[in-house]
Amino acid sequence: MHEIMPLILFIVLFGLLMGGFPVAFTLGGVSLFFGILTFGFEFFHLLPLRIWGIMSNFVLLAVPLFIFMGVMLEKSGIAEELLETMALLFGRLRGGLAISVIIVGTLLAASTGIVGATVVTMGLMSLPTMLKRGYSAELASGTICASGTLGQIIPPSIVLVLLGSILNVPVGDLFIGSIIPGMVLVGLYLIWIVLISIFKPQAAPAMPKEALAKFKERGAVNRIFKAFLPPFALMITVLGSILAGIASPTEAAAVGALGAILLTAIRGKLTIDTLRKVSQETTFLTSMVFIILVGATAFGLVFRGMGGDRYLAEMIVGNNLGPHTFLAIVMFIVFIAGFFIDFFEICFIIVPVVAPIFASMGVDLLWFGVLIAINLQTSFLTPPFGFSLFYLKGVAPPEVSTQKIYKGIIPFIIIQLIGLLLVIFFPESVTWLPKVMIGN
């Protein structure tokens, strides 16, 4: 009976999540119930110590700071101006609007890391323009959703901060290690847009010459400078301080939050009302993350208390599963789970269970962490529950149906899988840059 208890725990948890019960309270409630069954009321002596370990973790302080930075930048209007300028800059090319959306998504990912804010902002600003310029609804929606999720892998990423805490890997190393894979994904997105513009030019036309002429008349160089400088300055300040070893990720997050406030003030949009809205949204998002984290900690405690990790390890050894076979199974499970549940649940339920086993097999947890982050990125894109798809549908014009959004995202999911396979077959894409930076 004891051997099947961890399995029953998993089945009950996923059954309730599939039934639509709130994640945080389901994790915590199921864990409390099974914890009392397993440990008795002694469980209430064990759990507070684990929760205190989370609350006193200095690294996790970066989470609310990065969230604050991202929300503040969204309210400042920097993203809007950057998107408009990039669209006009690349407008003379076929597919130029889509290229500009991907580049802006990359810049916003490197300066905010908030997926929902990025997708909604770009959906409001660029989707109507792309449709007006003759882009197919599928290509436009797929490009916006995919580029909006780049904040999951390109640092500073909240997912990488959380994974660093779970895997006990320095967050700075994860940030550095994810740069090359993130840029590879961006490159694959751009190649896809170029191919579409060559073989299906009607799906990605160039902008009219009249619009480009007006852009040049209004001082194009000055406008480009004003649009690019603020996000680049913030990105270099935050990431540069981490890569140079000047600041820890938490300290860099504090600098980023202050920088976002200053940029908003320079643009004349820092008001009491703005500060209140940003603080409220930051508090809401941070509370959600940490309540899920507390529930996941309780779940991990119960799962290990039941001997679940031991049974899993014995099953792997008994079936002679090597590291690569086990990695393939875990990656497949994470990918399939992304169809149904949010990346937070995957991050906090699956990763703590398998990480000790990978460590015992000698697998580099830095490489594994970046692999998980890329795979988790697909949880925002995969129908039917991809959050980016919901974000975009909420702001899309009526003519952009859910079916068109689903159809448009499929090529980008395939690109994600290609990027994941490249990182699996070439681990140096993750490990090389941290070694170089640490060596320096």
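The values are calculated or read from the model by the stated rules, or taken from the named source; none is laboratory data. If you're wondering where the values come from, they're calculated on a predicted model, not measured in any experiment. Quick reminder, even Gly has a Cβ in these numbers, built from the backbone with ideal geometry, and neighbours come from all protein chains shown.
A206 meets all of the listed conditions (1) in a helix (DSSP H, G or I); (2) out of contact with any Ser or Thr (no Cβ under 7 Å at 6 or more places or on another chain) but one, namely (1).
If only residues of the range 279-316 that are over 30 Å from L65 (Cβ atoms), part of a helix (DSSP H, G or I) and of a type in the set (G, A, S) are counted, the one that is modelled with the lowest pLDDT is A313.
Restricting T264, T237, T271 to those that are out of contact with any strand residue (DSSP E or B) (no Cβ under 7 Å at 6 or more places or on another chain), surrounded by fewer than 20 Cβ atoms within 10 Å (Cβ to Cβ) and modelled with pLDDT of 85 or more reduces the list to T271.
Residues checked against (1) among the hydrophobic types (A, V, I, L, M, F, W, C); (2) under 21 Å from I158 (Cα atoms); (3) surrounded by 17 or more Cβ atoms within 10 Å (Cβ to Cβ); (4) modelled with pLDDT under 85:
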site: I246; (1), (2), (3), (4): yes, yes, no, yes
site: T250; (1), (2), (3), (4): no, yes, yes, yes
site: A253; (1), (2), (3), (4): yes, yes, yes, yes
site: R276; (1), (2), (3), (4): no, no, no, no
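So is L108 modelled with pLDDT of 80 or more, surrounded by 24 or more Cβ atoms within 10 Å (Cβ to Cβ) and under 25 Å from P249 (Cβ atoms) or not? No: the conditions fail for L108.
For the condition surrounded by 19 or more Cβ atoms within 10 Å (Cβ to Cβ) and more than 30 Å from R50 (Cβ to Cβ), P230 qualifies.
Count of the range 6-47 residues, restricted to those that are at pLDDT 75 or above, among the small types (G, A, S) and within 27 Å of the chain's Cα centre (by Cα), is 4. Just one of the listed residues (L160, L139) is among the hydrophobic types (A, V, I, L, M, F, W, C), in a helix (DSSP H, G or I) and over 26 Å from V71 (Cβ atoms), namely L139.
The criterion of at least 2 residues that are modelled with pLDDT under 80 and crowded, with 22+ Cβ neighbours inside 10 Å is met, among helices (runs of 4 or more DSSP H) falling completely within the range 317-381, by 343-349. Residue count for the range 52-62, restricted to those that are at pLDDT below 75 and surrounded by 15 or more Cβ atoms within 10 Å (Cβ to Cβ): 2. If you check I191, I180, I166, I196 for being touching a Cys at 6+ places or on another chain (Cβ under 8 Å) and assigned to a helix (DSSP H, G or I), only one passes: I166.
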